1. Return, for the Cα atoms of the range 85-130, the radius of gyration and Dmax in Å, separated by a comma.
2. To the nearest 10 square angstrom, how much accessible area does Asp174 have with a 1.4 angstrom probe?
3. Could you calculate the FRET efficiency of Ser336 with Arg401 from 1/(1 + (r/R0)^6), where r is the beta carbon distance between them and R0 is 30 Å, rounded to 0.05?
4. Read phi for every residue in the range 212-227 and hand back ³J(HN,Hα) as whole Hz from Karplus 6.51 cos²θ - 1.76 cosθ + 1.60, θ = phi - 60°, with x for Gly and Pro.
5. Apply the Karplus curve 6.51 cos²θ - 1.76 cosθ + 1.60, θ = phi - 60°, to the phi angles in the range 129-141 and return the couplings in whole Hz, x for Gly and Pro.
6. Are there trypsin sites (Lys or Arg not before Pro) in the range 315-345 that DSSP puts in a loop and that have at most 14 other Cβ atoms within 10 Å, and which ones?
7. Using amide H atoms built 1.01 Å from N in the peptide plane, name the residues 5+ places from Val118, or on other chains, whose amide H lies under 5 Å from its own.
8. Per residue of the range 380-394, what does 6.51 cos²θ - 1.76 cosθ + 1.60 with θ = phi - 60° give for ³J(HN,Hα)? Whole Hz please, x for Gly and Pro, Karplus curve as stated.
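The values are calculated or read from the model by the stated rules, or taken from the named source; none is laboratory data. What you see is a predicted model, and the numbers here were worked out from it, not measured in a lab. All Cβ positions, even for glycine, are placed from backbone atoms using ideal geometry, and neighbour counts span all protein chains on display. The accessibility values were calculated without ligands, DNA or RNA, using every heavy atom of the protein model including side chains. Shrake-Rupley method; radii C 1.70, N 1.55, O 1.52, S 1.80 Å.
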Amino acid sequence: MMSELQRSFAKAQLAKLPPEAPLIFDEREEDEEYADDTRNRSASDSSASSTGTIVPSPTKHLFERPKSSKPPPASRSSPLEWSEFFETELYLERQRAATKIIHHAYLSPPSSSGPLFVTHHGAGSSGLSFACFAAEILKAIPTAGVLSLDARGHGRTQVEKPKAEDDDQTETIDLSLETLSSDLAGVVQATQRRMSWSALPDIVLIGHSLGGAVVVDLADKGLLGSTVLGYAVLDVVEGSAMEALAHMETYLSSRPSSFPSLASAIEWHTRSRTIRNSFSARVSVPSLLLPVTTEPNPSSSHPQNTATKTTTSYTWRTPLPPTQPYWPTWFEKLSSKFLASRGAKLLLLAGTDRLDKDLMIGQMQGKYQLHVFPDAGHFLHEDQPAKVAAVVAEFWRRNDRAALVLPPKVGDGLKGGGKGEG
């Protein structure tokens, strides 16, 4: 406890400071924090599940736009380039009926003997949400590769569809589960052709939120055959996901509709705890936004009027409200498909929640591996990329076909024993 003399001295010193001391951010602290997280790849976290939805609080104003117009410190919120995390980017053209789609994906190819981790992001996100995870999994498994796509309507993937002459309205993009799982399989196969791989390597599918439903649907339909070694689902459970949909409209309407800069968008994601790792936010958030330029107003010539200056703001790239009809179909029968599909299974959850009945029974029967990160948010692969990568790497090692040593046949054993005795 401070004495009265100490309090008086402290007050006197504080009185000499300016009314608002500037915020000083030391980027080295963030780098050290991230490095510590990389080194401490403990797999000791345990839990149950997360709804994956942030419910706005009217009292805390969680999603309120920051009142200050000043940009946050550049060192903390400046965007990072994708090339710091992946070796190359791919543009893969596919024709599906009358629709032409140019898939965009990030790739770090595996060596001849390494596995390929194929990731699918959640709704409204992008392939760069797995950027930090990709860097970490390649540290854990140097021979591995990572393929992370932008789903249609997300990131840099483009969809070109003929527009009817009498159709004046923009058509809602097809985000049905069947279309998304077909897209994912198509991207993997197109990548094989582009990279001139004679055969696909062993594949581990990883999906976050909506992406979890996509990889399960792909595995359930066997679209990539026996190349799929296993699949990991990140923070999505059928029961909790269906319940969370009731809050989705409120959440979307509570987000800022635009941001004055990319730095402010990154800052909002970290301040709102949507993404708890600012390093990951700096690479993933810019891909979620589109620049919108506002031209000066010619009717006003007053020098103090900001309308006379060209300004750029950033709006959401993927309009999610129009996709509402697809929401319930994403998660229907997710638990049963997850348990029944061919391949090893890993479920990673954040926070504490409940597993539905099918998953609880499946867990007791040892049908899948469960791991929980109680200190992470819904974007657990962004919040704790090193820890998630460590668990996924161990999951692959457990199920690596090359590491499996089959016991000798009983007949061969007896035969060998007979020769030895003779």
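1. In order Rg, Dmax, the Cα atoms of the range 85-130 give 13.0, 39 Å.
2. Only protein atoms counted, so the area is about 50 Å².
3. Working: r = 26 Å, r/R0 = 0.88.
Given R0 = 30 Å and the Cβ-Cβ separation, E is 0.70.
4. Working through the residues one at a time gives x, 5, 5, 5, 5, 5, 4, 5, 4, 8, x, 5, 10, x, 7, 5 Hz.
5. Running phi through 6.51 cos²θ - 1.76 cosθ + 1.60 with θ = phi - 60° gives 5, 9, 4, 5, 4, 4, 4, 6, 5, 6, 6, 6, 10 Hz.
6. When the trypsin sites (Lys or Arg not before Pro) of the range 315-345 are filtered for loop state and at most 14 Cβ neighbours within 10 Å, Arg342 remain.
7. Counting only residues 5 or more places away or on other chains, the set is Leu147, Val204, Leu205, Ile206.
8. Computed from phi, the couplings for the range 380-394 are 5, 6, 8, 5, 9, x, 5, 5, 5, 4, 4, 5, 5, 4, 5 Hz.
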